[in-house]
Amino acid sequence: MTAATTIERPNRWDHPFDLTMRDRDLEWILSLEPFSSMDRDRFTKSSPLVDIIRNDARVNRYETGDIIVREGEYGSCAFIVLQGSVRVIVTSLPIGDLGGSKPKTVSLWKALRSSLMNYSVAEVRKIAQGKDHAQASLAATSIREVDDRPRIFLQDVDAVLKDCESEPLGPGEIFGELAAITRSPSNYTVVAEGPVVLLEMRWQGLRLLRRDPNFQAQLDRRYREASLKTQLRETSIFRFIPPENLEKLSDATQLRSYGDREWFADYRETKKLDVQEKIKAEPLLIQEGSPANWLVVIRSGFARRSYQHGHGHRTISYLGRGQMYGLQELIHNVDVGVHEDQLLPYQESLRGIGFVDALLIPRREFIEHALPFIRNEERTKPIRQPRYDAHGPVVETAEAKSNESNLDPALLEFLVDNRLMNGLQAMMIDTDRCTRCDDCVRACARTHEGNPRFVRSGPQFDRYQFTQACMHCIDPVCMIGCPTGAIARDTESGVIAINPETCIGCKVCAESCPYSNIMMVEIHDARGHKLVDRESKLPILQATKCDLCQSSPTGPACQLACPHEALVRINLSNPIELQEWIRRKAA
């Protein structure tokens, strides 16, 4: 019999955010706004306010010019000003001013010459690679170490901010909360105006602080002022709503979150469950057959549309940011003109996949302030033969089935269960056409200094393999927590790439990627010698991943090199695009 050791189950607060937090620090923080005015009775005995601060927050001190938040950066923490002030820069700054770099496209001749070279060692860098080289590469910024963490700062704050639109934030004010709560990129940059003390709060603790109604109202007010109307305006059907109507729609909209924002932490374990078990475990936003009282707009994350089929559920489609649920039922009930007690209910269920943040627009406000301004071509058709009517379920019909995606239901389930619908540029291989010649791998290696950026393996459905290559995700959790901003999405191309000049090899991105599509590799000098850290004597690592050959004028080398057209880079969030490619290959 195997021996066993009995231990206590680990808890989340076994690892505080700040191990150096002292009781006098806590007393000082709690004496300041917004904490001093919080109602402590609103917090549970297991998660009192003092323990939230003790375990989910840390005090950071910044000097003049320190970049605290960068525009386009994905964060997982909010910041509350305790002392001093910061400057929120609304004007977009050149990426070079923030420590990043835009990819340079090489000429066709250089790309061809590079593809013909033989590399004796992979990942060759200049000897100055590392901290010194990173400092030399930054145009308007530099790097310094603070508590063993790299921090980028503006070398000339006044010169950078001279022509920028900005606003100050002082003690008690919060920033970064929208990016932390919704896991979306920040739409502004924040720098320290002078010496400033901030409380950095993990989103887990931020979520607990929302139990205080005044703090929750502050967050909602900031979101409504800064982002809600913009997101509604960006939703296609609301483009032509007059400003005064949009204002009323915004005021009536409710903000709700479902599921676990850290879905990627246990994703590898939960994906082993049976499909129906997964669906049962997913948070239910809307139950099919319930009154159609809301239009749901997905704010971030993903949701599953499904309906009861036998003893389980059949997935119809998955919804991402900006997509809607309930529109057809709401429009049907208006166009058909049925009496209030004859309104059609929701025809499908809506569940969160991992995590979903949603906007809920009440039916009456939608009909009054939005529906009259939706163009006819964007209005959905009436539901002729529903699955549910006002009295309950009805016999399922062929027309009801016709509303489903044309994609194979089993393939759709496969994509959802493996979270592959997150991919905007996934690599997909038709294994019936693929001859295993590895021309794609060799082409990738030639384009990336002898080191291929993908592995020709991965989850497979029928004849289609979804290869282990960066998918340039809609929800790129790999970007959360990068200390130098070395991994970032290009705002024009959408490509997520790693800047080798500022990557410090910390492994945060590789460990966060739920698909294991980021690799840590050793780097070398021109003589083929490994670059080793002076102090630890350990090899210097760098994160590498597919960058869609963005510097090449010919596009992804893997796809171009395939002699049998078996490989494609495809947007898996768009079932129509996927269905069309499968149809062509099957022909």
Requested in this report: Pull up region 414-469, narrow it to residues that are of a type in the set (Lys, Arg) and in a loop (DSSP other than H, G, I, E, B), then point me to the one that is modelled with the lowest pLDDT.
Outcome: ARG419
Report summary line: Filter region 271-295 for residues that are aliphatic (A, V, I, L, M) and either open to solvent by less than 10 Å² (accessible area, probe 1.4 Å) or not in a strand (DSSP E or B) (or both); the one that is nearest to TYR258 (Cα to Cα) is ALA281
**Report entry** Count of region 191-223 residues which are assigned to a helix (DSSP H, G or I), farther than 29 Å from GLY65 by Cα and open to solvent by 10 Å² or more (accessible area, probe 1.4 Å)
**Finding:** 7
Query - region 266-306, residues that are in contact with a helix residue (DSSP H, G or I) (Cβ under 9 Å, 6 or more places away or on another chain) and modelled with pLDDT under 75 - result: THR270, LYS271, LEU273, VAL275
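Residues checked against (1) at positive phi; (2) of a type in the set (Ser, Thr, Tyr); (3) over 28 Å from the mean Cα position of the chain (by Cα); (4) at pLDDT 70 or above:
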position	(1), (2), (3), (4)
VAL146	no, no, no, no
PRO150	no, no, no, no
LEU154	no, no, no, yes
SER166	no, yes, no, yes
GLU173	no, no, no, yes
Report task. Write out, first by first residue and then by second, each pair whose Cβ atoms fall under 6 Å of each other, whose residues are 6+ apart or on separate chains, and whose first residue, in region 576-587, is open to solvent by 60 Å² or more (accessible area, probe 1.4 Å) while the second is modelled with pLDDT of 85 or more. Result -> GLU577/ASN571
Report task. Pick out the one residue from LEU178, LEU249 that is within 19 Å of the chain's Cα centre (by Cα) and part of a helix (DSSP H, G or I). Result -> LEU178
Report summary line: A careful count of residues in region 21-47 that are of a type outside the set (Asp, Glu), over 25 Å from LEU169 (Cα atoms) and part of a helix (DSSP H, G or I) gives 3
Query raised in the report: Which condition number does GLU511 fail, the rest of (1) touching a residue at least 24 places away in the same chain (Cβ under 8 Å); (2) open to solvent by 60 Å² or more (accessible area, probe 1.4 Å); (3) within 18 Å of the chain's Cα centre (by Cα) being met?
Result: (1)
Query - Residue check, VAL334 closer than 19 Å to PHE238 by Cα, more than 31 Å from the chain's Cα centre (by Cα) and either open to solvent by 20 Å² or more (accessible area, probe 1.4 Å) or touching a residue at least 24 places away in the same chain (Cβ under 8 Å) (or both) - result: yes
Query raised in the report: Can you name the condition, by its number, that GLU234 falls short on among (1) surrounded by fewer than 18 Cβ atoms within 10 Å (Cβ to Cβ); (2) within 20 Å of GLN83 (Cβ to Cβ); (3) not β-branched (Val, Ile, Thr)?
Result: (2)
Query raised in the report: Has region 296-312 got at least one residue that is charged (D, E, K, R), farther than 30 Å from PRO185 by Cβ and either open to solvent by 10 Å² or more (accessible area, probe 1.4 Å) or part of a strand (DSSP E or B) (or both)?
Result: no
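The values are calculated or read from the model by the stated rules, or taken from the named source; none is laboratory data. Predicted model only: the values in this text are computed from it and were never measured. Here Cβ is always computed from backbone atoms with ideal geometry, including for glycine, and neighbour counts include all displayed protein chains. All accessible areas refer to the heavy atoms of the entire protein, side chains included, with ligands and DNA or RNA removed. Shrake-Rupley method; radii C 1.70, N 1.55, O 1.52, S 1.80 Å.
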